[in-house]
Amino acid sequence: MQINFKTISEPSLPGLKWQNLFFTHWEAYKKWLIENEKEVPTSDLKTSQSALKTYMPESWDTYERLCQLADTDELAAKFLTGYQPPFYVSGCSNAILKGDDFQLVRNYDHHPDLFEGVQILTKWNQKRVIAVSDCLIGVLDGINEDGLVVSLTFGGRKITGQGFGIPFILRYILEFCSDVEEAIEVLIRIPSHMAYNVSIADKSGSYKTVRVAPGEKAVITNSAYTTNHQKKVDWPENARFNKTIERSLFLSHLLEEQDLSTENLVSAFLRKPLYNDLFREGFGTLFTASYFPKLGEVDLHWPNKKIRQSFDNFEEKDEIITLQQRRKKRSKNNQFSIPYQGYTAKTITYSNPILNKAVSKKPKEITNEFLKEVWSITKS
């Protein structure tokens, strides 16, 4: 299995390069939107545009330019507001390494067929931004010229509500915020339509993890890592499938290791339990990113490839990335179909929580018995 990964430089108002990106992916997004609209109708264009003007008025001029470049119909114009997109599921792990080698490292886990495969340098509003694109204008993770870094992970909950897709909110943060405190204010003020964990870091060495969910107040934490649950596991089947508890425990112990280097942290993200290879089932690591807020740099990693970018030296590239799916016999028992972007992936097998060998050598309280207790609590 392969993905085509592009890096695009258009450090000005959106123009021909973004227009080409739109027309490359719009038909796939259009199909997704139409199929989901049949089951769960979303807000109309007037309501969506009104929400954009209310919560992100500084983005309105850019929105109008994007609509003009895309020659939008009503469906596309509504989608580009970022308001009330359909429900979808991804994976992901984030971790922040403190100290002199301050960096944020993340894995993005999703289905390769639903990945734009684009890193883009822009300056649509106040600041230059380098980000991995999603939903045509949204951001999975990125950094701005002030050294502010943001990255999302799915919050592991089925709830949806009135609000914006988190990738659109992250784009807004990078274009108008300079530090962690300003980013937090945005996450408190702008509603998210789904549950997400957002990792934020800036060049001062400050960082936070913010848990957002529709209809709830944002929760600001000092956690240096996050996976795919929030305060507790709300969706046990999904959590078993993506092993969010195991990955979280692994990261908690990894970050406690003395003299943990940037290289070792990235290396851990390229191996299990953080690296995932169920690509056909919608849970494969499509890229690993390491952001350096103090340097204004980002490295994108795959097991056999690396791309380094910065605001001073951003290169356009067109790379073919090979993704290797593991072969595994599947049992007919304990099966779970994970929905992603409105569709249902192939039925896959999940296992009971198990500990990675690297974790099993840690303190005795992190045991299989402990995990069984966690799962029993979530079922009650």
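If you build a Gaussian network model of the chain, linking Cα atoms that sit under 10 Å apart, which residue out of Ala201, Ala76, Ala224 swings the most?
Among Ala201, Ala76, Ala224, the largest GNM mean-square fluctuation belongs to Ala76.
Kindly express, to the nearest 10 degrees and within the range 0 to 90, the angle between helix 16-39's C-alpha long axis and the longest C-alpha principal axis of the chain.
Helix 16-39 sits at roughly 70 degrees to that axis.
How many Å² of accessible area per residue for the chain, probe 1.4 Å?
Normalised by residue count, the accessible surface of the chain is 44 Å².
With every protein chain left in place and a probe of 1.4 Å, what is the accessible surface of Met56, to the nearest 10 Å²?
Its accessible surface works out to 10 Å², give or take rounding.
What's the extension gain from Glu185 to Thr54 if we count 0.36 nm per residue and subtract their Cα-Cα distance?
Full-extension gain reported as 45.6 nm.
Suppose only helical runs count, i.e. DSSP H with n ≥ 4. What mean residue ellipticity at 222 nm does that imply for the chain under -39500 (n - 2.57) per run, divided by all residues and rounded to the nearest 500 deg cm²/dmol?
Calculated at 222 nm, the ellipticity per residue is -9000 deg cm²/dmol.
Once neighbouring chains are kept in place and the probe is 1.4 Å, which whole percent of the accessible area of the chain is contributed by carbon and sulfur?
46
First measure r as the distance between the Cβ atoms of Ser310 and Ser43, then evaluate 1/(1 + (r/R0)^6) with R0 = 45 Å and state the FRET efficiency to the nearest 0.05.
Taking R0 as 45 Å, the efficiency between Ser310 and Ser43 is 0.70.
Nearest 10 degrees, 0 to 90: what angle lies between the long axis of helix 180-189 and the longest principal axis of the chain (Cα atoms)?
Tilt relative to the chain: about 80 degrees.
Viscosity 1.567 mPa s, temperature 4 °C: what is the translational diffusion coefficient of the chain from Stokes-Einstein with a Kirkwood Rh over Cα pairs, rounded to a whole number of µm²/s?
Estimated via Stokes-Einstein, D reaches 62 µm²/s.
For a Förster distance of 45 Å, can you work out the FRET efficiency between the beta-carbons of Thr24 and Arg271, rounded to the nearest 0.05?
0.85
Which pairs, out of Lys6/Lys305; Lys158/Lys231; Lys17/Lys317; Lys6/Lys31; Lys30/Lys78, put more than 19 Å between their alpha-carbon atoms?
Exceeds cut-off: Lys6/Lys31.
I'd like the accessible area for Glu35: 1.4 Å probe, protein heavy atoms, all chains in place, Å² to the nearest 10.
80
Report the residue, chosen from Arg308, Arg247, Arg171, that carries the largest GNM mean-square fluctuation when the chain is represented by alpha-carbon nodes joined by springs under 10 Å.
Arg308
Give me the number: length gained by fully extending Ser178 to His253, i.e. 0.36 nm times residue separation minus the C-alpha to C-alpha distance, one decimal in nm.
This chain segment gains 23.9 nm when fully extended.
Return a whole-number percent for the relative contact order of region 210-287, with Cα pairs under 8 Å and 6 or more residues apart as the contact set.
With pairs under 8 Å counted, the relative contact order is 18 percent.
The values are calculated or read from the model by the stated rules, or taken from the named source; none is laboratory data. Predicted model only: the values in this text are computed from it and were never measured. Here Cβ is always computed from backbone atoms with ideal geometry, including for glycine, and neighbour counts include all displayed protein chains. The accessibility values were calculated without ligands, DNA or RNA, using every heavy atom of the protein model including side chains. Shrake-Rupley method; radii C 1.70, N 1.55, O 1.52, S 1.80 Å.
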